[in-house]
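Worksheet: the structure to be examined is printed underneath.
The values are calculated or read from the model by the stated rules, or taken from the named source; none is laboratory data. Note that the structure is a prediction, hence the values are computed from the model and not measured. No Cβ is skipped: glycine too gets one built from the backbone with ideal geometry, and neighbour counts run over all protein chains shown.
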């Protein structure tokens, strides 16, 4: 494998580890240790971390090196608002232009997501990466016919930053989120863009509210940088009634 291939593979792994919380907010990124973990040279790692800094996933601390970008309630709200802005615009365009193949893709993506959500609701263990992949595939399928690669690229970047907050806070709204996904499917098949946009707003706002109400970011905004293990799957969080549910799909 040549240097460029090694670098690209390392970039994808580091980026995934940040988004899925395996590298926690505020965690120092020591280059020597990262070289052992990701198999890339120090000079390549510096380039990759600078690239991730341009995506607001890493912070460059001058001569002190790099650390994983911090999280905050304010940034979560900003990222959520950006995702909503881009996704609602793309929904409108996609609903107007999508054909039967687009409909089939939406139905297929929802089928996989709904099956995994049923397992979560039944208390079965789930792989966090697979769960969020299916969530991403469904939301992406809804907007896939928007006709703008630039819009899709911008949405992907916003979605990934939003996803990092979901994985750090790990909150699942259970049947509410699953119902919202079902209703989004129905709105897509009916080509009802206004209803879909309102559903999406409630879907995202509900997730943000749950994160803030349950204090899912408190350990990280208070200065703790203990890594979480996203690969262990969603962990439960108490809801307002004191019942515990499996983790936040939005």
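Residue under question is residue 56, and the condition is that it be surrounded by fewer than 14 Cβ atoms within 10 Å (Cβ to Cβ), modelled with pLDDT under 95 and either in a loop (DSSP other than H, G, I, E, B) or on the phi > 0 side of the Ramachandran plot (or both); does it hold?
Considered against the rule, which asks whether it is surrounded by fewer than 14 Cβ atoms within 10 Å (Cβ to Cβ), modelled with pLDDT under 95 and either in a loop (DSSP other than H, G, I, E, B) or on the phi > 0 side of the Ramachandran plot (or both), residue 56 comes out as yes.
Only one of 46, 12 is under 20 Å from residue 156 (Cα atoms) and part of a helix (DSSP H, G or I). Can you tell me which?
Unique residue meeting the criteria: 12.
Okay, residues lined up against (1) at pLDDT below 95; (2) under 22 Å from residue 207 (Cα atoms); (3) not assigned by TED's automatic domain parsing to the domain that holds residue 203:
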residue: 81; (1), (2), (3): no, yes, no
residue: 86; (1), (2), (3): no, yes, no
residue: 108; (1), (2), (3): no, no, no
residue: 140; (1), (2), (3): no, yes, no
residue: 151; (1), (2), (3): no, no, no
residue: 167; (1), (2), (3): yes, yes, no
residue: 183; (1), (2), (3): no, yes, no
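Being in contact (Cβ under 8 Å) with a residue 40 or more places away in the chain and more than 15 Å from the chain's Cα centre (by Cα) is the filter here, so list the residues in the stretch 52-61 that pass it.
Residues satisfying the conditions are 52, 58.
Let me confirm something: among 28, 64, 22, which residue is closer than 21 Å to residue 221 by Cα and without any contact (Cβ under 8 Å) to a residue 12 or more places away in the chain?
Checking each option against the conditions leaves just 64.
Being part of a helix (DSSP H, G or I), exposed (fewer than 15 other Cβ atoms within 10 Å of the Cβ) and touching a residue at least 40 places away in the same chain (Cβ under 8 Å) is the filter here; which residues of the stretch 96-117 pass it?
Residues satisfying the conditions are 96, 97, 107.
Test of understanding: among 77, 93, which residue is touching a residue at least 60 places away in the same chain (Cβ under 8 Å) and either assigned by TED's automatic domain parsing to the domain that holds residue 158 or touching a strand residue (DSSP E or B) at 6+ places or on another chain (Cβ under 9 Å) (or both)?
So the residue among 77, 93 that is touching a residue at least 60 places away in the same chain (Cβ under 8 Å) and either assigned by TED's automatic domain parsing to the domain that holds residue 158 or touching a strand residue (DSSP E or B) at 6+ places or on another chain (Cβ under 9 Å) (or both) is 77.
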